[in-house]
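Sharing a structure here in structure tokens format.
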Amino acid sequence: MYPGITISDIARHEDQEVTLAGWLYNMRSSKTLHFLQLRDGSGIIQCVVYKPEAAEEVWNLCSGLTQESAIRVTGKVRKEPRSSIGYEIAVSKVELVHQAVDYPITPKEHGVAFLMENRHLWLRSRRQHIILRVRAAIIKAIRDYFDNNGFTLVDCPILTPNACEGTTTLFETDYFGEPAYLSQSGQLYNEATAMAFGKTYCFGPTFRAEKSKTRRHLMEFWMVEPEVAWMDLDGDMDLAEDFLVYVVGRVLEKHEKELAELERDVSFLKNVKKPFPRISYTDAVKQLQSLGSDIQWGSDFGGDDETILTRQYDRPIMVHRYPAAVKAFYMKKDPSNPDLALCVDVLAPEGYGEIVGGGQREDNYGVLEASIQHHGLPLEAFKWFLDLRRYGSVPHAGFGLGVERTVAWICGLQHVRETIPFPRMLEKIWP
Ligand code: 4AD
Ligand code: MG
């Protein structure tokens, strides 16, 4: 058994009799008509049962159908200009495969907490369905960009012996009596693979035990991370810019209709063109202060600072050279001012905040070793990483793009929880 004809493919079957297998999304009836909204995962189509022409058992079966019951519908495909897909089905036969009883998500409005508890069912709703389809398209565009530009996909481990992004957000597990951590980032391994393949990327789930309950944080999120040998910070910014222009362009090209259904104002997305403003952290702080923020040089931006700053621009901005003290141990210091790290964050417009973090890596053995110690990290765990600075060390750089924040931005969503099928949030791991 295989589904066969799908709703997304219905135009090819105009005037033919087809059988569609799906679920009853919604139904409206009058004395002589049943309008069944059938969804099959690829789309939704209206199926019309006309009493004077229908067999009695078909009419009666439909009269008792409930929301989300599984059915097979046979009928003729006819043009219907008033329908969003341009066709409907003139039903001749309906087969009930499974009757759903009391489906909890009814067409009325529900609160988010209730919907989140029923996430396994909520995925069937039109809006959630569109968001996750756009997510899949974004991921495809991300992969195509790197695959088409000479990058080799080299996956990184998820169980790791060492911390990449600080020790306060580690998920620890027991690895045969030794502590191991769920990966916060594939970067350290990427640095090894970049020395083997030149241009690499990894793409996988990453984990942070973030004690913050915000609309931008998940405990488990997907990150794509390119890493390139012989690339400096400027090259890294060029790459991030080129990559984002491509990804947004691809989504607009193929999914503008879906974004419109999400009521996304795409004018900001259409501005995602080169060049993105490049602003040093120091200038950004001055700008924020002039806009009324009480931020002082030396502290990291809070979500509010990012929002105020990005609202001044019509496209993503690249903030570079943050104070080294607020950034990770592996960042290379700016030779012209060692208080600064050669790093960059890309901040999305309209208050979406940081979607990319990256920069140039420290490539000097002694400096990196001192930095590991300075951050209180166990030198032993980084022995292999230091080897990369022992055997043919070269300048290199890369970044990480958070998929969920990118989906939230492109779809215009308030919260990242709707951008991933089953979000893992603070103290909430169900369903
Ligand atoms: O800025 P971050 O922490 O950078 C790194 O992990 C680097 N090692 C990446 C690299 O250079 N290869 O994280 C990168 C991006 C952020 O900009 C954000 O989009 C996303 O990952 N991110 C999160 N997304 C959702 N929930 C969280 N808790 C996130 N933490 C980071
Ligand atoms: Mg960051």
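The values are calculated or read from the model by the stated rules, or taken from the named source; none is laboratory data. Keep in mind it's a predicted model, so treat the numbers as computed, not measured. Cβ: placed from backbone, ideal geometry, glycine included. Neighbour counts: every protein chain shown.
Output yes when any residue across segment 301-313 is within 16 Å of ligand 1 (Cβ to nearest atom) and of a type in the set (Lys, Arg), and no when none is. Reasoning before the result, please.
Our first condition is that a residue be within 16 Å of ligand 1 (Cβ to nearest atom); within segment 301-313, this holds for 301-303, 305-307, 309-310.
The next check asks that each one be of a type in the set (Lys, Arg); those that pass are none.
Taking every residue of segment 301-313 in turn, none turns out to be within 16 Å of ligand 1 (Cβ to nearest atom) and of a type in the set (Lys, Arg).
Inside segment 316-351, can you point out the residues that are of a type outside the set (Asp, Glu), out of contact with any Lys or Arg (no Cβ under 7 Å at 6 or more places or on another chain) and under 25 Å from VAL245 (Cα atoms)?
Matches in segment 316-351: PRO316, ILE317, VAL319, ARG321, TYR322, VAL344, VAL346, LEU347, ALA348.
Any residue in segment 365-384 that is in contact (Cβ under 8 Å) with a residue 60 or more places away in the chain sitting within a Cβ distance under 6 Å of a residue that is in a helix (DSSP H, G or I) and hydrophobic (A, V, I, L, M, F, W, C)? List the pairs, counting only those 6 or more apart or interchain.
Within 6 Å, the pairs are PHE382/ILE372.
Still on this structure: From the set of residues in segment 168-183 that are of a type outside the set (Phe, Trp, Tyr) and touching a Ser or Thr at 6+ places or on another chain (Cβ under 6 Å), which is nearest to ligand 2 (Cβ to nearest atom)? Steps first, answer last, please.
First, the residues of segment 168-183 that are of a type outside the set (Phe, Trp, Tyr): 168-170, 172-174, 177-180, 182-183.
Among the residues that remain, those that are also touching a Ser or Thr at 6+ places or on another chain (Cβ under 6 Å) are: 180, 183.
On the way: ALA180: 23, SER183: 15 Å.
My answer is SER183.
Still on this structure: Report, by residue number, each residue of segment 335-378 that is under 13 Å from ARG321 (Cβ atoms), more than 16 Å from ligand 1 (Cβ to nearest atom) and touching a helix residue (DSSP H, G or I) at 6+ places or on another chain (Cβ under 8 Å).
Selection gives PRO338, ASP339, LEU340.
Right, something else. Among the strands (runs of 3 or more DSSP E) lying completely within segment 306-377, list those that include at least 2 residues that are within 16 Å of ligand 2 (Cβ to nearest atom) and within 20 Å of PRO275 (Cα to Cα).
317-320, 343-348, 353-360
Can I ask one more? Kindly establish whether ALA381 is small (Gly, Ala, Ser) and at pLDDT below 95.
yes
Quick check: is even one residue across segment 306-313 under 26 Å from the mean Cα position of the chain (by Cα), aromatic (Phe, Trp, Tyr) and surrounded by 18 or more Cβ atoms within 10 Å (Cβ to Cβ)?
To start, the set of residues in segment 306-313 that are under 26 Å from the mean Cα position of the chain (by Cα) comprises 306-313.
Next, only the ones that are aromatic (Phe, Trp, Tyr) stay: 313.
Of the ones still in play, those that are also surrounded by 18 or more Cβ atoms within 10 Å (Cβ to Cβ) are none.
Looking for residues that are under 26 Å from the mean Cα position of the chain (by Cα), aromatic (Phe, Trp, Tyr) and surrounded by 18 or more Cβ atoms within 10 Å (Cβ to Cβ), one finds none in segment 306-313, hence no.
Being assigned to a helix (DSSP H, G or I) and within 29 Å of ASN148 (Cβ to Cβ): is that true of LEU288 here? Let's see the steps before the verdict.
Numbers: assigned to a helix (DSSP H, G or I): yes; within 29 Å of ASN148 (Cβ to Cβ): no.
Spelling it out, it is not the case that LEU288 is assigned to a helix (DSSP H, G or I) and within 29 Å of ASN148 (Cβ to Cβ).
Checking the structure you have, find out if any residue of segment 416-425 is buried (at least 18 other Cβ atoms within 10 Å of the Cβ), in contact (Cβ under 8 Å) with a residue 40 or more places away in the chain and within 16 Å of ligand 2 (Cβ to nearest atom).
Yes, that holds for at least one residue.
Tally up the residues in segment 73-95 that are within 16 Å of TYR25 (Cβ to Cβ), of a type in the set (Ser, Thr, Tyr) and touching a Gly at 6+ places or on another chain (Cβ under 7 Å), please.
Selection size over segment 73-95: 0.
Considering every residue within segment 151-164, establish whether at least one is among the hydroxyl-bearing types (Ser, Thr, Tyr) and within 13 Å of ligand 1 (Cβ to nearest atom). Step through it out loud before you land on a result.
Within segment 151-164, the subset among the hydroxyl-bearing types (Ser, Thr, Tyr) is 152, 160.
Imposing the further condition that a residue be within 13 Å of ligand 1 (Cβ to nearest atom) reduces the set to 160.
Scanning segment 151-164, I find at least one residue that is among the hydroxyl-bearing types (Ser, Thr, Tyr) and within 13 Å of ligand 1 (Cβ to nearest atom), so the answer is yes.
Residue under question is THR200, and the condition is that it be among the polar types (S, T, N, Q), within 26 Å of ILE420 (Cα to Cα) and in contact (Cβ under 8 Å) with a residue 12 or more places away in the chain; does it hold?
Numbers: among the polar types (S, T, N, Q): yes; within 26 Å of ILE420 (Cα to Cα): yes; in contact (Cβ under 8 Å) with a residue 12 or more places away in the chain: yes.
Yes, satisfied.
Does segment 98-111 include one or more residues that are part of a strand (DSSP E or B) and modelled with pLDDT of 95 or more?
Taking segment 98-111 as the starting set, the residues that turn out to be part of a strand (DSSP E or B) are 98.
Retained after the next criterion (residues that are modelled with pLDDT of 95 or more): 98.
Yes, because at least one residue in segment 98-111 is part of a strand (DSSP E or B) and modelled with pLDDT of 95 or more.
Related question: If you scan segment 390-431, which residues turn out to be in contact with a strand residue (DSSP E or B) (Cβ under 6 Å, 6 or more places away or on another chain) and over 20 Å from LEU269 (Cα atoms)?
Taking segment 390-431 and keeping what is in contact with a strand residue (DSSP E or B) (Cβ under 6 Å, 6 or more places away or on another chain), we get 394, 396-406, 409, 424.
Of everything in segment 390-431, those that are in contact with a strand residue (DSSP E or B) (Cβ under 6 Å, 6 or more places away or on another chain) and over 20 Å from LEU269 (Cα atoms) turn out to be VAL394, HIS396, ALA397, GLY398, PHE399, GLY400, ARG424.
If you take the residues of segment 1-48 that are among the polar types (S, T, N, Q) and surrounded by fewer than 14 Cβ atoms within 10 Å (Cβ to Cβ), which of them is farthest from GLU68 (Cα to Cα)?
Let us first name the residues in segment 1-48 that are among the polar types (S, T, N, Q), namely 6, 8, 16, 19, 26, 29-30, 32, 37, 42, 46.
Right, trim to surrounded by fewer than 14 Cβ atoms within 10 Å (Cβ to Cβ) and you get 8, 16, 30, 32.
Values: SER8: 19, GLN16: 26, SER30: 20, THR32: 23 Å.
Among them, the one singled out is GLN16.
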